[in-house]
Amino acid sequence: MAEEAAVRAQAETVRRLKQDKADPDEIAKEVAKLLDLKAQLGADEGKHKFVLKTPKGTRDFGPKEMAIRERAFKAIVSCFKRHGAEVIDTPVFELKETLTGKYGEDSKLIYDLKDQGGELLSLRYDLTVPFARYLAMNKITNMKRYHIAKVYRRDNPAMTRGRYREFYQCDFDIAGQFDPMIPDAECLKIVHEILSDLQLGDFVIKVNDRRILDGMFAVCGVPDSKFRTICSSVDKLDKVPWEEVRSEMVGEKGLSPEAADRIGDYVQLHGGLELIERLLQDPKLSQNKLAKEGLGDMKLLFEYLTLFGITGKISFDLSLARGLDYYTGVIFEAVLLQQENEHVEEPVSVGSVAGGGRYDGLVGMFDPKGRKVPCVGVSIGIERIFSILEQRLEASEEKIRTTETQVLVASAQKKLLEERLKLISELWDAGIKAEMLYKKNPKLLNQLQYCEDTGIPLVAIVGEQELKDGVVKLRIVATREEVNVPRESLVEEIRIRTSQC
């Protein structure tokens, strides 16, 4: 049939484009044609065939995964609140012009939406640019905020390592004119607190400063026009060896081999206060105004981090670049050193798990008069953290509770549905998390087994004798101990016993 031949031809076109690693948009267009042809063919046969799947770079999260995520979110929000942050939310899409020109070479990863109602829109790429727009729009000059929400990137996903096209970010930012490095030090302390609290294993927080980088590029002979593009090459050093980065700088970006080699001498340095002192005496860097400023602030930052007692996890690393265009000062990135997990032979490799920095010029880009609001912030790479926690729990075979139910209301005899409904209503009204089985006359064994399977710690059993005596039999699932509790004392007894769980 002609229709089947058309489907085969289109399938061959898609296969060839994928093999040739063609532009993803072109592949997507041809795939859409193929699906349309298949749908038409299916309709002709009286059957509409389609594949049930989530879009590329996305996934569903079941109750077990969501329980793990909620635990992590709780720890992060608790830390943000401990440091005095307010919470905000912004739209999932912004005007396209709001996002344009803020992300350097990563701008190609922004999802653009079709013109709907006369406005060109894009899905938000991060939470920082919308925050800057929010500050400028509302003329806010001083704020400490956190924001946890989904962002979108048209990236090549690596889902086993927590890299998606739709994912959550957890951001904490301090906006306002303050004395140097005090807010920056607090952001690093927050990263340290969260990673320690989540017990992800050993980690290091790398720090650098855009001014040091720019000063370094200048003394190494990089033309001003190439600063940002060379910066994005240096940013790849955590993923590929220096030789590849050098090759990209010289071969693709037209940098002289001599300038690249001079950069190589610097970007392979890392250390602490002693390295900062050494670079302050460096004959070339010390003569550059930007580098000198950056090194002076870096020294101050390390003094504050010493007072916080966290310098053991901090490394001043000249290879850290962070490719986003809006950073103006201190930049940082937290990396897991290894995955301590005796159940897994291969370590879980996930890259950085937090990053951030100072962006003093971003709000001014949105202000009609160019008024600047200095800002510094951190973003926790929560999806990568989730992937570690999920794999770790899977390997340990630990049973995860997916509900918070405190008590199951059960009956030992038939015809007690009304009594169960009365009792569970009393418990709900008192704020107790309670469940019951949706059967008129469930077997007691089935009710107890449900508690075992779901991890419910208590069973409140009503029976004819208990009703006569004005009590409820409370069973502790773990020990199988049973106690008679006066009906009026049941709520308090459940609270006491579940607070000990």
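Conditions tested, residue by residue: (1) loosely packed, with under 13 Cβ neighbours inside 10 Å; (2) of a type in the set (A, V, I, L, M).
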| residue | (1), (2) |
| --- | --- |
| Tyr450 | no, no |
| Pro457 | no, no |
| Val462 | no, yes |
| Gly470 | yes, no |
| Val491 | no, yes |
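Return a yes/no flag: does region 72-81 have any residue that is closer than 27 Å to Leu200 by Cβ, under 20 Å from the mean Cα position of the chain (by Cα) and open to solvent by 90 Å² or more (accessible area, probe 1.4 Å).
yes
Please go through (1) in contact (Cβ under 8 Å) with a residue 12 or more places away in the chain; (2) open to solvent by less than 30 Å² (accessible area, probe 1.4 Å) for Glu97 and return the number of the only condition it doesn't satisfy.
(2)
Which of the residues that make up region 184-200 are open to solvent by 40 Å² or more (accessible area, probe 1.4 Å) and closer than 22 Å to Gln391 by Cβ?
Ser196, Asp197, Gln199
Please work out if Phe178 is assigned to a loop (DSSP other than H, G, I, E, B), open to solvent by 10 Å² or more (accessible area, probe 1.4 Å) and either modelled with pLDDT of 95 or more or within 23 Å of Ile382 (Cβ to Cβ) (or both).
Yes.
Could you check region 422-442 and list, in sequence order, the residues that are over 16 Å from Lys473 (Cα atoms) and open to solvent by 70 Å² or more (accessible area, probe 1.4 Å)?
Trp428, Asp429, Lys433, Tyr438, Lys439, Lys440, Asn441 - these are the residues of region 422-442 that are over 16 Å from Lys473 (Cα atoms) and open to solvent by 70 Å² or more (accessible area, probe 1.4 Å).
I want to confirm something. Restricting to region 273-301 and keeping residues that are within 18 Å of Gly357 (Cα to Cα) and open to solvent by less than 10 Å² (accessible area, probe 1.4 Å), which single residue is farthest from the chain's Cα centre (by Cα)?
This residue is Ala291.
Look through region 25-42, keep the residues that are among the basic types (Lys, Arg) and within 35 Å of the chain's Cα centre (by Cα), and return whichever of them is most open to solvent (accessible area, probe 1.4 Å).
This residue is Lys29.
Please go through region 72-116 and give me each residue that is closer than 19 Å to Ser196 by Cβ and of a type outside the set (S, T, N, Q), ordered by number.
Result: Ala72, Phe73, Lys74, Ala75, Ile76, Val77, Cys79, Phe80, Lys81, Arg82, His83, Ala85.
Scan region 271-294 and report the pairs whose first residue is closer than 18 Å to Cys220 by Cβ and whose second residue is open to solvent by 60 Å² or more (accessible area, probe 1.4 Å), with Cβ atoms within less than 9 Å and a gap of 6+ or a chain change.
Leu280/Lys292; Leu280/Lys299; Lys284/Arg262; Leu285/Lys292; Ser286/Lys292; Ala291/Lys284
Scanning for something under 28 Å from Ala149 (Cα atoms), at pLDDT 85 or above and crowded, with 19+ Cβ neighbours inside 10 Å, does region 337-350 turn up at least one residue?
The answer is no; no qualifying residue exists.
Confirm whether Ile205 is among the aliphatic types (A, V, I, L, M) and in contact with a strand residue (DSSP E or B) (Cβ under 6 Å, 6 or more places away or on another chain).
Answer is yes for this residue.
Please go through region 114-138 and give me each residue that is open to solvent by less than 10 Å² (accessible area, probe 1.4 Å) and of a type in the set (S, T, N, Q), ordered by number.
Ser122 - this is the single residue of region 114-138 that is open to solvent by less than 10 Å² (accessible area, probe 1.4 Å) and of a type in the set (S, T, N, Q).
Just checking, does region 478-494 include any residue being touching a strand residue (DSSP E or B) at 6+ places or on another chain (Cβ under 9 Å), closer than 27 Å to Gly62 by Cα and not assigned by the TED database to the domain that holds Met159?
The answer is no, given that none of the residues of region 478-494 is touching a strand residue (DSSP E or B) at 6+ places or on another chain (Cβ under 9 Å), closer than 27 Å to Gly62 by Cα and not assigned by the TED database to the domain that holds Met159.
The values are calculated or read from the model by the stated rules, or taken from the named source; none is laboratory data. Just so you know, these numbers come straight off a predicted model, no measurement behind them. When we count neighbours, we look across all protein chains shown, and the Cβ atoms used for this are built from the backbone with ideal geometry, even at glycine. Surface areas here come from the heavy atoms of the whole protein model, side chains and all, with no ligands, DNA or RNA. Shrake-Rupley method; radii C 1.70, N 1.55, O 1.52, S 1.80 Å.
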